[in-house]
Amino acid sequence: MIGQSSPMRRIMSRIERIAPSDVPVLISGESGTGKEGTARLIHKLSRRKDGPFLPINCSAMPAALIESMLFGHEKGAFTGADRRQAGLFESANDGTLLLDEFTEMPCETQAKLLRVLEDGKVLPVGGTKEVATNVRILAASNRQIEREVRARRLREDLFHRLNICPIHLPPLRERIDDLPLLIDEFIRETNENLGRQISGVNDECLTAMARYRWPGNIRELRHVIEGAALLSDSATLTVTDLPPHIGVVAGPDSSFVVQVGDRVDDVVDELVWRTVESVGNKTRAAKVLGIGRRTVYKRLERYDGDPTNGRS
């Protein structure tokens, strides 16, 4: 996981505390926020790190097959079952099983999953004898979990069993401080995977990316960097390398009139304010302006505190 923003520091601290235990973890967040990556990190930091890590996307599995995939089946359990097949719980023994989009499971399967969580045993489809397993369960969803419970699409008892140590991943727009670090990492990955020699992005490009809302979150950012790196004719990515819907994102007016006789402090205060409004982040504004973050806060405090200061 990459990030030094306050939300990410809190999440990393939580992961470090949770990982060594065997308690289930419920990971929530919008699509593209890094839920599977978070689950892999928990596994890597756990006592089960040498065991298997098996992810399954529950929304991609037909309802008729998901129980067989999870719990296995016996020979003759259904048409085509010509031999016994171990399920993911058995295959992940001594390791970690990630149930991605687990809210998409049928309620009957949810009830059986709860039984496995309580007893540590699975009953293969068509079987009469339970099989003991030693698996840690991580569950992830991009849904609003409480809403799924209220709509009775998610069993309340299963929710409470999984919700012992929840982790909510914020969208990229709420951790924009991490954007430069993420860009650097994705450029490094792109250079390695695609044989490019991109060194970074210029300030105009970074400003446009900081203004964008990133509905696809980190996943979208990675793809944008890959595409820009492939299309760029130089070692530094510019705003023209970005997709049009990112490069032309509207922001506040970037210019204002300075008249002879205006106080220098008033002009600087407004410049700082407009830069913060444009890039949407005080830390980034400080970097763009080449001043300290404390100076940005000081200027904003004075600007906001004087109703006669500024121009419409």
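Quick note: the coordinates plus some simple rules give every number you see, no bench work behind them. Because the structure is a prediction, the values reported are computed rather than measured. Note: ideal-geometry Cβ built from the backbone for every residue, glycine included; neighbour counts use all protein chains shown.
The table below gives the values:
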{"read-out": "Rounded tilt (10° steps) of 179-194 against the dominant C-alpha axis of the chain", "value": "60 degrees"}
{"read-out": "Partner lysines for LYS75 [C-alpha distance under 24 Å; skip if fewer than 8 residues away on the same chain]", "value": "LYS112, LYS121, LYS129"}
{"read-out": "Spin-label proximity, LYS75 to the stretch 102-126 - amide N less than 20 Å from point 7 Å beyond Cα toward beta carbon", "value": "123-126"}
{"read-out": "Normalised contact order of the chain, rounded percent, pairs of Cα under 8 Å and 6 or more residues apart", "value": "18 percent"}
{"read-out": "Spacing of the two label points (7 Å from each Cα toward its C-beta) at SER21 and LEU181, in nm", "value": "2.5 nm"}
{"read-out": "Within the chain, percent of DSSP bridges classed antiparallel, to nearest 5", "value": "15 percent"}
{"read-out": "Helix-only CD estimate at 222 nm, as mean residue ellipticity for the chain, using -39500 (n - 2.57) per DSSP H run (n ≥ 4)", "value": "-13500 deg cm²/dmol"}
{"read-out": "Ranked THR207, THR283, criterion: other C-beta atoms within 10 Å, fewest first", "value": "THR283, THR207"}
{"read-out": "Rg/Rh for the stretch 14-123, where both radii come from Cα atoms and Rh is the Kirkwood radius", "value": "0.98"}
{"read-out": "Residues TYR297, TYR212, sorted so that the one with the fewest Cβ neighbours within 10 Å comes first", "value": "TYR297, TYR212"}
{"read-out": "Per-residue Cβ neighbour rank within 10 angstrom, fewest leading, ILE164, ILE291, ILE176", "value": "ILE164, ILE291, ILE176"}
{"read-out": "Part-to-part distance (alpha-carbon centres) for the stretch 35-50 and the stretch 90-165, which is given in Å", "value": "18 Å"}
